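To start, the structure under review is shown below, and the notes come after it.
The values are calculated or read from the model by the stated rules, or taken from the named source; none is laboratory data. These numbers were taken from a predicted model, which means no experiment stands behind them. Note that we place each Cβ from the backbone using ideal geometry, even for glycine, and neighbour counts take in every protein chain shown. Accessible surface is based on the protein model in full, side chains and every heavy atom, while ligands, DNA and RNA are left aside. Shrake-Rupley method; radii C 1.70, N 1.55, O 1.52, S 1.80 Å.
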Amino acid sequence: MDFLQLILSGLANGCVYGLIALGFVLIYKATEAVNFAQGDFMMLGAFVCIGFTNQDYMGLDFMLAVPLSILVMGAFGYAFNWGILRHMFGQSQTSIVILTIAMGFIIRFIAGTIWSHEPTSLETPFAGQEVRAGGLVLGVNEVMIVVVTAALTLLFYLFFSKSRIGLAMQAASQNQLAAYYMGIPVKRIHSLVWGLSGMVAAVAGILFASKGAIDPSTGLLGIKAFAAAAIGGFGSLPGALLGGIIIGLVEPLASRYGPAGISQIAPYAILLLILIFRPGGIFSQTQRKKV
Amino acid sequence: MRFVFKTSYDADIRLFKHRAQAVWYFLLLLLVLATPLYFVAIGDAYLLGEITGVLILAIAGMGLMLLTGHTGLPSLGHATFMALGCYLNINLLGAGIPWIIAFPLSGLIAGLLGTIIALPVLRLHGVYLALATLAMSILTSDFVVMAEPWTGGIAGAAVPDINIFGMEVNRYSTPYKFYYLVLFVAILLVWFYRNLLRTPTGRSFTAIRDSEISARAMGINLTRTKATSFFLSATAAGLAGALFGHSAGYVTNETFDLVMSITLLLMIVIGGLGFIHGAFFGAIVVGIIPVAIANGRSFLASTFDININIPGLESALFALILVGFILFEPMGLYGRWLKIRTYFELFPFYRKDMFKRQKSYLKTDRVQ
């Protein structure tokens with residue numbers, strides 16, 4: 001029972017990692033850029049929702065605050081690409097990596113200045129409610145996390161493989177110039193996908209903040225999500241979720257059954273092992289070009 | 001305007017393009033050699049210690065510059081190699097090996113270990129290398145704690161003094177000797193770096209940076225060349241780490257953290273990617289910013305009675321400067337200097353687009 005409980009809470013954690021990973025896999029899949037600030041986007045999304053919901057701030061109704069903060073974060077993502085990243089168009093990936101790292105610092109500073117550096121948690125209507133099933137005690141928020149994550153992953157998977165915009169995004173990623181020739185508005189597509197990933201980040205942040213307290217440095221969680229995305233295979237949406245769950249599960253198990261200190265190391269150790277033995281990740285997206 | 005007539009192929013790879021350049025660098029050398037005289041005159045060596053710190057950062061920056069600026073491989077984990085160099089140096093000195101052997105040895109071992117760690121990842125594309133080095137950087141602190149017998153763990157380890165043939169060098173008691181020692185290492189490395197860039201190895205680094213496909217077509221063994229670059233880069237970082245240890249006097253598991261790795265990367269971008277000068281300019285900026293912020297704070301507090309005490313302001317300001325550079329001056333401080341110099345050299349024929357690079361359209365790495 002104890003073991004199962006551990007697994008379930010790990011699963012909920014893993015889904016949050018998976019959601020953050022989903023955010024930058026989205027960006028990577030469509031723009032070939034890696035957003036090292038995705039964790040900070042998540043943190044900002046959580047704080048925006050806290051700002052709308054909590055009694056100390058605006059005290060709006062939770063059901064109103066959630067879509068509002070998702071919209072705000074979507075706009076933020078769109079504006080971020082439109083205002084900053086679009087000017088980097090055509091520059092090397094390394095500079096984009098460095099730029100997003102720097103943006104992470106700035107976002108952390110802004111969030112800390114507006115909402116303080118104290119850990120704050122989101123006041124949700126279902127806080128403290130539990131579901132009991134055969135001796136297992138599950139928080140409603142944990143169940144919500146798993147359900148929402150699975151639904152979002154499926155949605156985006158279908159979006160990318162079936163919808164017109166999704167296909168355009170894939171094309172824009174595979175060869176920008178060719179996509180231009182085909183009449184795809186690459187820059188607008190890029191902004192769109194950044195907006196989308198901002199929305200995903202908001203969802204991840206809201207779920208995370210409903211589970212426990214959050215402070216500006218929570219954004220560093222994004223690094224674990226990176227490991228998740230790379231384990232799953234960068235550029236694969238189900239892979240991001242799977243990687244997130246693997247990390248989420250390994251952490252509590254390692255800290256419970258492994259020697260001290262192993263639980264912090266485990267996610268990155270798995271990442272390094274995967275990179276060494278299966279460089280493309282579990283769902284490898286790399287393929288040889290046939291000439 | 002100066003015309004350099006190249007009459008032989010050697011002229012392309014000469015250390016100095018023309019005599020005036022050599023004279024300027026000689027004057028610079030005299031200046032850095034004479035700097036301590038000023039501090040002797042005012043009798044306060046505090047600032048000299050800061051300058052020494054900047055030089056150490058510049059050495060680490062040169063290491064990263066070789067990898068990121070000249071080979072085009074981003075690393076977010078160079079503090080790890082600094083940690084390796086630092087702890088190796090402490091342990092070798094502790095084992096009774098004289099500094100003159102222990103110091104270069106710790107750099108070399110750090111380089112070798114770094115190459116072994118990085119070898120599997122070097123086959124992958126840049127983003128993965130960034131990820132793997134990021135993971136490495138995060139793990140460093142945990143490994144330092146785990147290797148307690150050698151590193152002192154959380155309690156930290158004291159760094160022994162330098163002893164060169166009976167001459168004691170310590171940052172606090174003999175700041176001038178320490179300055180000259182660091183300066184010597186820095187100049188030696190610059191000389192090596194400058195010469196390396198003239199050799200076939202150095203040129204293949206730049207070839208890889210500019211186009212991996214063309215480099216491979218020219219017969220360059222990608223993995224081996226990247227590994228060489230990584231080795232040299234990690235060695236320089238290891239040497240810088242050892243010196244950093246001597247400068248700090250005491251190191252713990254939090255000395256070489258992720259922030260340091262990122263600072264190194266930001267440093268070379270601000271300085272100018274792909275120029276040795278960039279490492280030095282970047283190190284100067286990184287050294288000046290905290291001092292400038294502290295001075296600005298006390299100025300505001302004393303003159304206008306405004307007390308700014310926002311946590312995280314320093315790193316945010318740093319990040320803001322960096323974003324500004326990437327957006328408006330991707331070539332960094334040195335690039336800006338080059339532009340200004342060209343403007344005056346060609347006056348009045350300088351055009352705005354002279355340094356404009358052709359845009360490259362991204363293609364996926366997933367289809368090779």
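Given (1) crowded, with 21+ Cβ neighbours inside 10 Å; (2) at pLDDT 80 or above, identify the lone condition not met by A:Thr113.
(1)
Which number in (1) in contact with a strand residue (DSSP E or B) (Cβ under 9 Å, 6 or more places away or on another chain); (2) open to solvent by less than 10 Å² (accessible area, probe 1.4 Å); (3) farther than 23 Å from A:Met199 by Cβ marks the one condition that A:Ile98 misses?
The one condition A:Ile98 does not meet is (1).
Restricting to the range B:302-336, give me the number of residues that are under 29 Å from the mean Cα position of the chain (by Cα), open to solvent by 50 Å² or more (accessible area, probe 1.4 Å) and within 14 Å of another protein chain (Cβ to nearest Cβ).
7
Looking at A:Gly112, A:Gly104 in this structure, which one is within 14 Å of chain B (Cβ to nearest Cβ) and within 19 Å of the chain's Cα centre (by Cα)?
Residue meeting the stated conditions: A:Gly104.
May I ask you to say which residue of A:Ala213, A:Ala225, A:Ala209 is open to solvent by 10 Å² or more (accessible area, probe 1.4 Å) and either in contact with a strand residue (DSSP E or B) (Cβ under 9 Å, 6 or more places away or on another chain) or within 14 Å of chain B (Cβ to nearest Cβ) (or both)?
A:Ala213
Within the set of pairs 6 or more residues apart or between chains, which connect a residue that is without any contact (Cβ under 8 Å) to a residue 60 or more places away in the chain inside the range A:200-214 to a residue that is hydrophobic (A, V, I, L, M, F, W, C) with Cβ atoms less than 7 Å apart?
Filtered contacts from the range A:200-214: no entries.
Any chance you could count how many residues in the range B:260-296 are in contact (Cβ under 8 Å) with a residue 12 or more places away in the chain and surrounded by fewer than 17 Cβ atoms within 10 Å (Cβ to Cβ)?
4
Of the numbered conditions (1) in contact with a Leu (Cβ under 7 Å, 6 or more places away or on another chain); (2) in contact (Cβ under 8 Å) with a residue 24 or more places away in the chain; (3) closer than 30 Å to A:Arg278 by Cβ, B:Thr140 fails exactly one; give the number of that condition.
(1)
Does A:Ser69 satisfy the criteria of being hydroxyl-bearing (Ser, Thr, Tyr) and within 14 Å of chain B (Cβ to nearest Cβ)?
No.
Which residues, taken from the range B:42-67, are of a type in the set (Ser, Thr, Tyr) and open to solvent by less than 10 Å² (accessible area, probe 1.4 Å)?
Passing the criteria: only B:Thr52.
Can you tell me which residues in the range A:52-79 are in a helix (DSSP H, G or I) and open to solvent by less than 10 Å² (accessible area, probe 1.4 Å)?
Matches in the range A:52-79: A:Thr53, A:Ala65, A:Ser69, A:Met73, A:Gly74, A:Gly77.
Where residues in the range A:163-177 are open to solvent by 40 Å² or more (accessible area, probe 1.4 Å) and modelled with pLDDT of 85 or more, which of them is farthest from the chain's Cα centre (by Cα)?
Selected residue: A:Arg164.
Output the residues belonging to the range B:1-17 that are surrounded by 13 or more Cβ atoms within 10 Å (Cβ to Cβ) and more than 23 Å from B:Gly271 (Cβ to Cβ).
Selection gives B:Arg14 alone.
For A:Asn35, work out the one condition from (1) in a loop (DSSP other than H, G, I, E, B); (2) more than 21 Å from A:Lys211 (Cβ to Cβ); (3) open to solvent by 10 Å² or more (accessible area, probe 1.4 Å) it doesn't fulfil.
(3)
Quick test for you: out of B:Glu212, B:Glu148, B:Glu168, pick the one residue that is within 25 Å of B:Val259 (Cβ to Cβ), open to solvent by 50 Å² or more (accessible area, probe 1.4 Å) and modelled with pLDDT under 90.
B:Glu148
Do we have A:Asp40 as surrounded by 20 or more Cβ atoms within 10 Å (Cβ to Cβ) and among the charged types (D, E, K, R) here?
Yes: the conditions hold for A:Asp40.
Restricting attention to the range B:337-357, does a residue exist that is under 21 Å from A:Val97 (Cα atoms), within 14 Å of chain A (Cβ to nearest Cβ) and modelled with pLDDT under 80?
yes
For the subset of the range B:25-41 comprising residues that are open to solvent by less than 60 Å² (accessible area, probe 1.4 Å) and of a type in the set (Val, Ile, Thr), which member is nearest to the chain's Cα centre (by Cα)?
B:Val32
Quick one: A:Ile184 ticks every box in (1) at pLDDT 80 or above; (2) part of a helix (DSSP H, G or I) except a single one, so which number is it?
Going through (1) at pLDDT 80 or above; (2) part of a helix (DSSP H, G or I) one by one, A:Ile184 breaks only (2).
Output yes when any residue across the range A:151-162 is more than 23 Å from A:Ile189 (Cβ to Cβ), surrounded by fewer than 20 Cβ atoms within 10 Å (Cβ to Cβ), more than 21 Å from the chain's Cα centre (by Cα) and small (Gly, Ala, Ser), and no when none is.
Scanning the range A:151-162, I find no residue that is more than 23 Å from A:Ile189 (Cβ to Cβ), surrounded by fewer than 20 Cβ atoms within 10 Å (Cβ to Cβ), more than 21 Å from the chain's Cα centre (by Cα) and small (Gly, Ala, Ser), so the answer is no.
Within the set of pairs 6+ apart or on separate chains, which have a first residue in the range A:268-285 that is within 9 Å of chain B (Cβ to nearest Cβ), a second that is buried (at least 19 other Cβ atoms within 10 Å of the Cβ) and basic (Lys, Arg), and C-beta atoms under 8 Å apart?
A:Gln285/B:Arg366
If you take just the helices (runs of 4 or more DSSP H) that sit entirely in the range B:175-291, which of them hold at least 2 residues that are within 23 Å of B:Leu29 (Cα to Cα)?
Where helices (runs of 4 or more DSSP H) fall fully within the range B:175-291 and carry at least 2 residues being within 23 Å of B:Leu29 (Cα to Cα), they are B:175-196, B:222-248, B:258-271.
Applying the selection to the range B:108-148, what residues are of a type in the set (D, E, K, R) and more than 10 Å from every other protein chain (Cβ to nearest Cβ)?
B:Glu148 - this is the single residue of the range B:108-148 that is of a type in the set (D, E, K, R) and more than 10 Å from every other protein chain (Cβ to nearest Cβ).
In this structure, is A:Tyr257 free of Cβ contacts under 8 Å to residues at least 40 places away in the same chain, among the aromatic types (Phe, Trp, Tyr) and either open to solvent by 10 Å² or more (accessible area, probe 1.4 Å) or within 14 Å of another protein chain (Cβ to nearest Cβ) (or both)?
yes
Of the residues that sit in the range A:116-150 and are within 14 Å of another protein chain (Cβ to nearest Cβ) and touching a residue at least 24 places away in the same chain (Cβ under 8 Å), which one is surrounded by the most Cβ atoms within 10 Å (Cβ to Cβ)?
Top of the filtered list is A:His117.
Please indicate, with yes or no, whether at least one residue in the range A:1-9 is within 27 Å of B:Ser261 (Cβ to Cβ), open to solvent by 40 Å² or more (accessible area, probe 1.4 Å), in a helix (DSSP H, G or I) and touching a helix residue (DSSP H, G or I) at 6+ places or on another chain (Cβ under 7 Å).
Taking every residue of the range A:1-9 in turn, none turns out to be within 27 Å of B:Ser261 (Cβ to Cβ), open to solvent by 40 Å² or more (accessible area, probe 1.4 Å), in a helix (DSSP H, G or I) and touching a helix residue (DSSP H, G or I) at 6+ places or on another chain (Cβ under 7 Å).
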